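Notes follow the structure.
The values are calculated or read from the model by the stated rules, or taken from the named source; none is laboratory data. What you see is a predicted model, and the numbers here were worked out from it, not measured in a lab. Here the Cβ positions follow ideal geometry from the backbone for every residue, glycine too, while neighbour counts run over all protein chains shown. In case anyone asks, the SASA skips ligands and DNA or RNA and just uses the protein heavy atoms, side chains included. Shrake-Rupley method; radii C 1.70, N 1.55, O 1.52, S 1.80 Å.
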Amino acid sequence: MDINKRTILWIVFAVSLVVLWNNWMVSNGKPSMFAPTPPAVTAKAADAKKSDLPAAAGAVAATASAVPGAPEAAAPFKSERVTITTDVIRADIDTLGGQIVRLELLKFKDGIDTSKNQVLFEASAKKTYLAQTGLVGAPGLPNHNTGFVAKPGARMLNDGSQIQLVLEAEQGGVKLTKTFTFKRGDYVIDVQHDVSNVGAAPVKPELYMQLVHDGNKPEGDSYFNSSYTGPTLYTEADKYHKLKFETVEKEAAESVKTGKPVVMDHPTKADNGWVAISQHFFVSALVPQDKLARDIFTKKVDTNLYAIGTVQPLGTLAPGASVSNHAKLYSGPQESKLLEKVTPGLDLVKDYGFLTIIAKPIFWVMEQLHAVLGNWGWTIIVFTILIKLAFFPLSAAGYRSMAKVKLVTPKMQAIRERHKGDPAKMNQATMELYKTEKINPLGGCLPILVQMPVFIALYWVLQASVEIRGAPWIGWITNLAAPDPWFILPVLYAISMYITTKLNPAPADPMQAKMMLFMPLAFSVMFFFFPSGLVLYWVVNNVLSIGQQYVISKKYAAPAAA
């Protein structure tokens, strides 16, 4: 059989890029090209729970007259925003509902406007992203539409290790006290709910916590620079789930159309885990009190506004009785070492795709190198050299095979000319030549085949690691997680691939030879949209490969000339 190994090499490369593209689509909430839609689970109980929640999800401009059970003639509640500032975050809590309406990360710059800090929670005309809690289970209980009173206290973390904000509201015979605890150097906000029955009859309250987000695409999002923003959740039994706002919208529309309970494709009951809104490089996750049963829900709360949350029963409270519930809200970067400390499974929001088993060790090695070098660009270069050394015996064997093929190319041309009318004899003579010269016709494929998983895993490492976001290398490369602004690295990649192609044996077919020279240019165009750190890896890898291939080719060419 006449096997052109260069064609096989490009097929391997192309298939790997298709796999890479498919997983990029899946990571951004789009359907896989290869996998069917997962089976859905009917969740009547969760649907009933979430329908009990207050409907006014925004609640930023609501008044007391809109609160369930409030007198119609009540004066409008005058809310205020309480700003809490630590060394890493600045949070605004609205006394109307005691909801977090703005949260700014002081250590991270905005991805579009680097003169501003990254903002997660926000309530504006362009963006709605809120953290809300409250009580359901009986009419008129305090919820995220209720007016709260902020207790006096410090608002800025100075010399202390933590700062607290206490909010109180009494309604429907129940007093709800929310206590937000902010700690130095920590993106975790401890959220304590103290519920007291101050009425004359027993009550059975349930605590809900939810994250509300609009369905808009992130600012700066485009077809070639897309990122996932949507609900995620984790339970010990069902593990990690990544959801889509579009799915929640379809569930709501189907429920209205049929009048039946919604069908959800995620777990709806647990006594552990977390719910979150994930986005590129950052996440906000609610971690309810552990070992306490909860219902998990996703729902549409308004036009282009969606929520994910939990509802936890607090038991029956007799008059004068009280109960406390402890939860956590993590709102910050997707740094593995930080996420692992918060709760099990939260580090999974740092999505490495299907090659996580390779990507995690890659990032660990890169972290160790960065601790020494202090620059992620040089870290990538040194990492590339280490990978090249690790694969040196394998790649050397492949280049030796390619060098031998190049030396016998005239003999192969002669065989093709001699048997051009008889393909069977041509293939037989070619294979006999390979056997005589001890050439493995597939020897040049193996190095690229083995390195492709590393290439794809490194792509996800650079795509998902907030540590590399905004990290400069030298000169014009100011963000290794973004495409090269001057396209210098993609051009260098195209040049290196052209040189590599010239060093390889030329195909016998002139048309195929021209196509092989054109393909590096085509692939380099794709690299215009890839993270510059990934292109840097591939350029350095190509330069090292060219040097290795050149030396081996010279070594075999000298004996042949002699």
| Summed side-chain charge close to residue 454 - residues other than residue 454 whose Cβ falls under 15 Å, Lys, Arg +1, Asp, Glu -1 | +2
| Spacing of the two label points (7 Å from each Cα toward its C-beta) at residue 474 and residue 428, in nm | 5.8 nm
| query | In 5 Å bins starting at 0, how do the alpha-carbon pair distances of segment 275-375 split up by percent? | reply | 2, 9, 15, 17, 16, 13, 10, 7, 5, 3, 2, 1, 0
| request: State, to one decimal in nm, how far the label point of residue 106 lies from the label point of residue 201, with both points 7 Å from Cα in the Cβ direction. | output: 4.8 nm
| field | Two-site FRET efficiency, residue 495 against residue 321, from Cβ-Cβ distance with R₀ of 60 Å, rounded to 0.05 | value | 0.20
| To the nearest 0.05, what FRET efficiency results for residue 416 and residue 436 with a Förster distance of 22 Å applied to their C-beta separation? | 0.85
| field | Sequence of 156, 497 from largest to smallest accessible area, 1.4 Å probe | value | 156, 497
| field | Whole-number Å³ per residue for the convex hull built on Cα positions in segment 224-309 | value | 114 Å³
| query | What does the accessible area of residue 196 come to, in Å² to the nearest 10, when a probe of 1.4 Å is used? | reply | 40 Å²
| remark: FRET efficiency for residue 124 and residue 260 from the Cβ-Cβ distance with R0 = 51 Å, rounded to 0.05, comes out at 0.90
| field | Within-15-Å neighbourhood charge of residue 161 [Cβ basis; K, R +1; D, E -1] | value | -2
| task | Return an integer: the convex hull volume of the alpha-carbon atoms of segment 173-264, in Å³ per residue. | result | 222 Å³
| query | What number, in percent, do you get for the relative contact order of segment 192-336 if the mean sequence gap of Cα pairs under 8 Å and at least 6 apart is divided by its residue count? | reply | 38 percent
| said: Taking each pair of distinct Cα atoms in segment 98-250 once, what is the resulting Kirkwood hydrodynamic radius in Å? | reply: 18.4 Å
| field | Residue pairs, from the table 239/388; 250/341; 109/341; 175/244, whose Cα atoms sit over 32 Å apart | value | 239/388; 250/341; 175/244
| In percent, what relative contact order does segment 87-209 have, based on Cα pairs under 8 Å that are 6 or more apart in sequence? | 21 percent
| field | Stretchable slack from residue 518 to residue 303, in nm (0.36 nm times residue separation minus alpha-carbon distance) | value | 72.5 nm
| Inter-label distance, nm, simple model (7 Å from Cα along the C-beta direction), residue 155/residue 375 | 4.4 nm
| Once the Cα gyration tensor of segment 76-172 is found, what semi-axes does its equivalent ellipsoid get, as square roots of 5 times the eigenvalues, in whole Å, sorted largest first? | 27, 18, 10
| query | How much net charge surrounds residue 330 when only the other residues with a Cβ under 10 Å from the Cβ of residue 330 are counted, with Lys and Arg +1 and Asp and Glu -1? | reply | +1
